[in-house]
Structures are given as C-alpha cells and as structure tokens.
Amino acid sequence: MSVLQLDAVLDLKAAAPLKAALMEHRGEALEIDASQVQRLGGLCLQLLLAADRSWAEDGQPLSIAPRSQAFDDALGQFGAADRFATADLDGAAA
C-alpha cells in the first residue's frame, strides 16, 4: 500500500499538486496521511471526495489515517465527516 502525506495547508495553491499526487497512485491501494493538516479548503476536499469515489470504482482500498484534529474539524464544518468515516474507505462504493 502506498502512502501519500498531505501538506499542512490544503488551500487553492495545494489543489493542483494534490491532484497530481493522487493521480500518481490511481489503481493501487492508498493510505492518505492527514496527520499534519492544519487547514483544509473546499477544493482540496473535493479532490479527496473524488479520489474516494475513484478508488471505490476501481475496487481499491483508500484510507485517510492518521488524521489531525484540524482535518476532522474541517470535515465537520463542510458536512463531510460521515463521508470519510473509516468504515466507508474500504474500496467499496458507498
């Protein structure tokens, strides 16, 4: 399983590099390490949601762990906390 370390600040400037990094791992099991995230913007959240969907369609596991408190707080503020519940990130379509 590959590991992708997320940057501390996932804002508009981080979106293109995040998309490229995700695409490099397409088709393989992926663990996303969000332990250093201090700020999560909407565009990067959209990329993570799209990755979740793509990995599920490919039948590949994707997990986001470990996660910082700031990352979890941002998910809650966006109303996406349930979308990234650990049980949902097993490569099966939700």
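Rule-based calculations on the coordinates, nothing more; no lab input. On a predicted model such as this, the values are computed, not experimentally measured, just so you know. Cβ placement follows ideal geometry from the backbone for every residue including glycine, while neighbour counts extend to all protein chains displayed.
Table for the structure above
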read-out	value
Residue selected from the range 1-43 under the condition under 11 Å from the mean Cα position of the chain (by Cα) and charged (D, E, K, R), by the criterion farthest from residue 78 (Cα to Cα)	31
Subset of the range 44-66 that is closer than 14 Å to residue 78 by Cβ and not hydrophobic (A, V, I, L, M, F, W, C) - its residue that is surrounded by the most Cβ atoms within 10 Å (Cβ to Cβ)	52
Enumeration of residues in the range 1-19 that are touching a Pro at 6+ places or on another chain (Cβ under 9 Å) and either over 12 Å from residue 40 (Cα atoms) or in a helix (DSSP H, G or I) (or both)	1
Hits in the range 35-84 - residues which are of a type in the set (Asp, Glu) and without any contact (Cβ under 8 Å) to a residue 24 or more places away in the chain	72, 73, 82
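This table checks each residue for (1) touching a Lys or Arg at 6+ places or on another chain (Cβ under 6 Å); (2) farther than 18 Å from residue 5 by Cα; (3) assigned to a helix (DSSP H, G or I); (4) of a type in the set (A, V, I, L, M).
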| position | (1), (2), (3), (4) |
| --- | --- |
| 21 | no, no, yes, yes |
| 47 | yes, no, yes, yes |
| 51 | no, no, yes, yes |
| 66 | no, no, no, no |
| 81 | no, yes, no, yes |
